[in-house]
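Q: The structure is given below, and queries will be raised subsequently.
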Amino acid sequence: MNVAAILRQKGRAVTTASPSVTLLDVANKLAAKRIGAIVVVGARGEVAGIISERDIIRALSEGGPECLTRPVSEIMTRQVVTCQETDTLDELMAMMTARRFRHLPVVTDSALVGIISIGDVVKHHVAEVEMEATAMREYITHS
Ligand code: AMP
């Protein structure tokens, strides 16, 4: 299973925001869409950063509620790790585990074409493990 196969099932829609929107706008979008992170894109659609619920909690803890009026560009993570459609489920799990984050934007030819969350990774990993177990049971039963 690779990223292209996951995107075929979940779709390629990515929730994005421009760097100038406020942290409150981002929080509202996260709540409305029931997601954990938003990709921040520049004027040409390029990935400029990523902001997750954890960044908002940290900003609130450090700066108090006033931080909610600050632009997301001040709080987002700028060095975004992305993945490619050819990356495998195992590679995604390794990246998320090693770097301790739960979201990976997918980039093809410099364009943002999707996002994979840890929920997607776990869902497909469990499905793979179940398929293997079923195949193993059938093999044992019929041999
Ligand atoms: P998360 O686990 O995705 O909520 O994110 C935890 C921290 O990692 C936050 O500071 C995010 O801004 C950052 N982060 C999330 N995804 C990525 C990514 N793909 N590349 C770099 N940083 C990220």
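Q: Against the condition assigned to a helix (DSSP H, G or I) and not hydroxyl-bearing (S, T, Y), how does A31 come out, does it pass? Even if it seems obvious, please write down each step before you answer.
A: Numbers: assigned to a helix (DSSP H, G or I): yes; not hydroxyl-bearing (S, T, Y): yes.
Spelling it out, A31 is indeed assigned to a helix (DSSP H, G or I) and not hydroxyl-bearing (S, T, Y).
Q: Further, regarding this structure: Counting only residues that are in contact with a helix residue (DSSP H, G or I) (Cβ under 6 Å, 6 or more places away or on another chain) and in a loop (DSSP other than H, G, I, E, B), how many does the stretch 54-80 have?
A: Qualifying residue count, the stretch 54-80: 2.
Q: Output the residue which, of all residues in the stretch 13-35 that are under 12 Å from the mean Cα position of the chain (by Cα) and either exposed (fewer than 15 other Cβ atoms within 10 Å of the Cβ) or within 21 Å of S110 (Cβ to Cβ) (or both), is farthest from the ligand (Cβ to nearest atom). Explain how you work it out, then say what you get.
A: To start, the set of residues in the stretch 13-35 that are under 12 Å from the mean Cα position of the chain (by Cα) comprises 13-16, 35.
Keeping just the survivors that are either exposed (fewer than 15 other Cβ atoms within 10 Å of the Cβ) or within 21 Å of S110 (Cβ to Cβ) (or both) gives 13-16.
Details: A13: 17, V14: 12, T15: 13, T16: 14 Å.
The selected residue is A13.
Q: I'm checking my understanding of the structure. Among residues of the stretch 74-111 that are over 23 Å from V129 (Cβ atoms) and of a type in the set (S, T, Y), which one is modelled with the lowest pLDDT?
A: Per the criteria, the residue is S110.
Q: Here's something else I'd like to know. Could you look through the stretch 44-81, keep only residues that are open to solvent by less than 60 Å² (accessible area, probe 1.4 Å) and without any contact (Cβ under 8 Å) to a residue 12 or more places away in the chain, and pick out the one that is nearest to the ligand (Cβ to nearest atom)?
A: Only one residue tops the list, namely G63.
Q: Of T86, T141, which residue is among the hydroxyl-bearing types (S, T, Y), away from the ligand (no atom under 16 Å from the Cβ) and outside any helix (DSSP H, G or I)?
A: Numbers: T141 fails: outside any helix (DSSP H, G or I).
Of T86, T141, the one residue that is among the hydroxyl-bearing types (S, T, Y), away from the ligand (no atom under 16 Å from the Cβ) and outside any helix (DSSP H, G or I) is T86.
Q: Within the stretch 1-12, count every residue that is outside any helix (DSSP H, G or I) and open to solvent by 30 Å² or more (accessible area, probe 1.4 Å).
A: Counting residues in the stretch 1-12 that are outside any helix (DSSP H, G or I) and open to solvent by 30 Å² or more (accessible area, probe 1.4 Å) gives 3.
Q: For residues that are within 16 Å of the ligand (Cβ to nearest atom) and open to solvent by 30 Å² or more (accessible area, probe 1.4 Å), scanning just the stretch 118-131, find the one that is nearest to I51 (Cα to Cα).
A: Going residue by residue through the stretch 118-131, those that are within 16 Å of the ligand (Cβ to nearest atom) are 118-122.
Filter again for open to solvent by 30 Å² or more (accessible area, probe 1.4 Å), leaving 118-119, 122.
On the way: I118: 15, G119: 17, V122: 21 Å.
By that ranking, first place goes to I118.
Q: So the check is Cβ under 8 Å with 6+ separation or different chains; which pairs have a first residue in the stretch 96-108 that's over 17 Å from G36 (Cα atoms) and a second one that's open to solvent by less than 80 Å² (accessible area, probe 1.4 Å) and within 10 Å of the ligand (Cβ to nearest atom)?
A: V107/V47; V107/T82; V107/C83
The values are calculated or read from the model by the stated rules, or taken from the named source; none is laboratory data. Quick caveat: nothing in here was measured; it's all calculated off a predicted structure. Reconstructed Cβ throughout: ideal geometry from the backbone, glycine too, with neighbour counts over all protein chains shown. For the accessible areas, the whole protein counts, side chains as well, though only heavy atoms, and no ligand, DNA or RNA atoms are used. Shrake-Rupley method; radii C 1.70, N 1.55, O 1.52, S 1.80 Å.
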